[in-house]
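Remarks on the structure that follows.
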Amino acid sequence: AMLWKIRIVFTIVNVVYNIFRPIWLFFHKKPPSIPPITRPIYMLSATKLAKKIREGEITSSEVVREYIMRINEVNSFINAVVDERFADAIIEAKNYDQQLKEGKFDIKTLEKEKPLYGVPITIKECCAVKGCSHTGCTLPCKGIKADYDAAIVEMLRNAGAIPLCVTNTPEMCGGFDSTNLLYGRTCNPYDTRYAEDLGLLMKVMTSKCNHDLRLDVPVDLKQIKIYYRQSLDKTIGVLSMSQEIENCVLKAANHFARYNVRAEKVQYLQLIYQCTRDLTYLILQLPIEWPVTIIDIGLTGYLNVKKPPQMLLDASDSEHHKNVKVEMMKALFGLSEHTKQLLFFTIPFETHFPFTESEISHYTKHTEKIRQKLLDLLGDNGVLIYPTFRKQFLPQFVLCEIMSFANCAIFNLIDFPAAHVPMGLNLHEGMPIGIQVNFN
């Protein structure tokens, strides 16, 4: 299992966290509320907006201008947009309207080939949008602009979408919280609407393999096997499971009862035994048996990345390799160009701490075993409902909750598609909570 000294450290951190979290919540003043939505157009999904534009009920220019107005109205509250291309977007929208007016496309052609025709979108700053900021939200790259569109942006443009702006991310996408020293922190307004556009976006993003995915084939729920795991293994050094998130899993599983589909609960029993090389956790599950905890699998998989990217960039010297330990010490005194969150994620890449090479190899072998057990369980028509995180995150305590990443990382490591499903806000802090759905 993971080194005991690391578990002990995180146990102490969790004790401190559980003491200070309620104190912080008691004294914390909520930021000002964003201006309420007064225009019905803001509540329409991309699917409905595209349909209205195609059918001439509204023009792309009107939609683009409305969303620019809303961005200008709320961005001072949430600090989400870091660079914009509003003028170019308005010109593109006018061109789209003119093409429709001239009859260049018929409705059926647009729906099939350009399903996002005239719909404004935002793009994360880590994805290149020509003419917009493309720094990875890291301070050393301040001022860098993209001179091309990333492949994903090209796909969206080909589907008819109009990029309005680029939005904030964690530094080098190395964290859970969108905060960095270049653009500051984004205060998320937590839109809890369900993803009506999921099917449409899957078609756009997988345009080259739509036929293989059979996205247009109706799903017979009675042919789907539904499994769920309501709680996670209790592991020393890791936060306990939130009752609200357990309830979310149960709510999602019970949802299928209205369609006369029974969801089967995945039970588990955790035992500890002594093996020849170290103290290892054995998790016995029905019908899954996992040989080690997902925390160990998640961490070692993270450390096993081949040729990890250079995270601590130096814009003046691309060959310069910064020492992460030195940067961490500088960060404690506010002297580093990098966030503590990124440095925390970078330390394992640089040092393989807390595992040795042999331990990484040992747990990597177990990853394939877990993958095979899930393949056997789910087959071609199985779905597993699983907690995404153990607790709802508070940005100010994100480093205390860092171990929870393994709950979703495990499915990335074994190449299982996964989608996070928002389930609303928790009762006490008003923070977003949800579950993940995994399948083969």
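Coordinate-derived values only; no laboratory data. Every value quoted in this text rests on a predicted model; they were computed, and no experiment measured them. Positions of Cβ are generated from backbone atoms using ideal geometry, with glycine treated the same way; all protein chains shown enter the neighbour counts.
Taking amide H atoms as placed 1.01 Å from N in the peptide plane, the amide H of V421 lies under 5 Å from those of I435, Q436, V437, each 5 or more residues away in sequence or on another chain.
Step through the table entries K251/K369; K114/K251; K145/K322; K225/K369; K48/K265; K124/K391, compare each Cα-Cα distance with 32 Å, and write down the pairs that go over it. Those over the limit are K114/K251; K48/K265.
When +1 charges are put on Lys and Arg Cβ atoms and -1 charges on Asp and Glu Cβ atoms, the dipole computed for the stretch 40-185 relative to its Cα centre reaches about 180 debye.
Taking every DSSP beta bridge that has both ends in the stretch 40-185, the antiparallel portion is near 55%. Each peptide in 407-413, 378-384 was scored by the mean count of other Cβ atoms within 10 Å over its residues; highest first, the order is 407-413, 378-384.
Amide H to amide H, with H built 1.01 Å from N, G382 comes under 5 Å of K225, N440, counting only residues 5 or more places away or on other chains.
Each peptide in 327-335, 138-146 was scored by the mean count of other Cβ atoms within 10 Å over its residues; highest first, the order is 138-146, 327-335. Taking amide H as placed 1.01 Å from N in the peptide plane, the amide H of L182 sits under 5 Å from that of L139, each at least 5 places away or on another chain. Peptides 106-114, 367-375 ordered by packing proxy, namely the average of other Cβ atoms within 10 Å per residue, highest first: 367-375, 106-114. In this simple spin-label model, placing a label point 7 Å from the Cα along the Cα-to-Cβ direction at both V9 and S45 gives a separation of 4.5 nm.
Among the chymotrypsin sites (Phe, Trp or Tyr not before Pro) within the stretch 100-156, those in coil by DSSP and having at most 12 neighbouring Cβ atoms inside 10 Å are Y148.
3J(HN,Hα) along the stretch 173-185, derived from phi through the Karplus expression 6.51 cos²θ - 1.76 cosθ + 1.60 where θ = phi - 60°, amounts to 6, x, x, 9, 9, 6, 9, 7, 7, 8, 10, x, 9 Hz, with x in place of Gly and Pro. In order along the stretch 85-98, the Karplus-derived 3J(HN,Hα) couplings, from 6.51 cos²θ - 1.76 cosθ + 1.60 at θ = phi - 60°, round to 9, 4, 4, 5, 5, 5, 4, 5, 5, 4, 5, 5, 4, 5 Hz, and Gly and Pro are given as x.
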